[in-house]
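Some notes on the structure that comes next.
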Amino acid sequence: MCQFEKWITGINWLAVLTLLIGGFAAYIARQQWKTAAYKVKLDLYAQRLRVFDEFRKLLGLIYTTGIDDPQLFEFLSKTSDAVFLFGPEIGKYRNEVYRRSQSFIGAHHLMRASWEAPSEVRSRISQTQMTESKWAENEVPTLEARFKKYLDLSKL
């Protein structure tokens, strides 16, 4: 019997097969782990994008058709998880958008209720509405910059 034949017969093929199967199972487990990690990142991105869209929608409504209390409540409801999905600056920004929206809505209600008020009072109310509307219009282009670090797919 030659040296090669002794070596072949001396190998425990069952042990080799077990190692191969174990290595293959480890490879599959690693691939599943990577897939799950990517899924978590994709889900996070989808939730963040949804919040971003709600900001854009509300600001757009303010300077186009105006908003009312139900629309503001819907915005607050749909962006309530923003404090968990983003850094503190987006939570502060959400509060600012809420405060400005409330100011716009309040001025809108006052304008409807003050038909017989002096013109200077109506002018101040109108100015408040115009200020908040102009603010919202100017905010829409800045949204991408505010949210970019959270929605940049290359950093996920």
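No value in this document is a laboratory result; all are computed from the given coordinates. Here the structure is a predicted model, which means the values were calculated and not measured. In this analysis, Cβ positions are derived from the backbone assuming ideal geometry, glycine residues included, and neighbour counts consider all displayed protein chains.
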(message) Output the 0 to 90 degree angle, nearest 10, between the alpha-carbon long axis of helix 119-151 and the longest principal axis computed from the alpha carbons of the chain.
(response) 10
(request) Could you compute the FRET efficiency for residue 103 and residue 143, with r as their C-beta to C-beta distance and R0 at 22 Å, rounded to 0.05? (result) 0.70
(message) Between residue 113 and residue 89, how high is the FRET efficiency from 1/(1 + (r/R0)^6) when r is the Cβ-Cβ distance and R₀ = 30 Å? Nearest 0.05.
(response) 0.25
(message) Output wanted: per-residue J couplings in Hz (rounded whole) for segment 61-76, from phi through Karplus 6.51 cos²θ - 1.76 cosθ + 1.60, θ = phi - 60°, x for Gly and Pro.
(response) 5, 4, 8, 9, 9, x, 10, 10, 3, x, 5, 5, 4, 4, 4, 4
(message) Distance cut-off 29 Å, Cα to Cα: go down the list 134/155; 78/155; 78/148; 39/134; 34/92 and report the pairs above it.
(response) 134/155; 39/134; 34/92
(request) Find the relative contact order for the chain and round it to a whole percent, using C-alpha pairs within less than 8 Å whose residues are 6+ positions apart. (result) 28
(request) For the chain, find the longest principal axis of its Cα atoms and tell me its angle to the long axis of helix 88-113, 0 to 90°, nearest 10. (result) 30
(request) Taking log10 I(q)/I(0) by the Debye sum over Cα atoms at q = 0.10, 0.15, 0.21 Å⁻¹ as the quantity of interest, determine which of (1) -0.34, -0.80, -1.60; (2) -0.55, -0.86, -1.25; (3) -0.49, -0.90, -1.40 was computed from the displayed structure. (result) (2)
(request) Go through 98-111, 30-43, 137-150 and give me the packing order, highest mean Cβ count within 10 Å leading. (result) 98-111, 137-150, 30-43
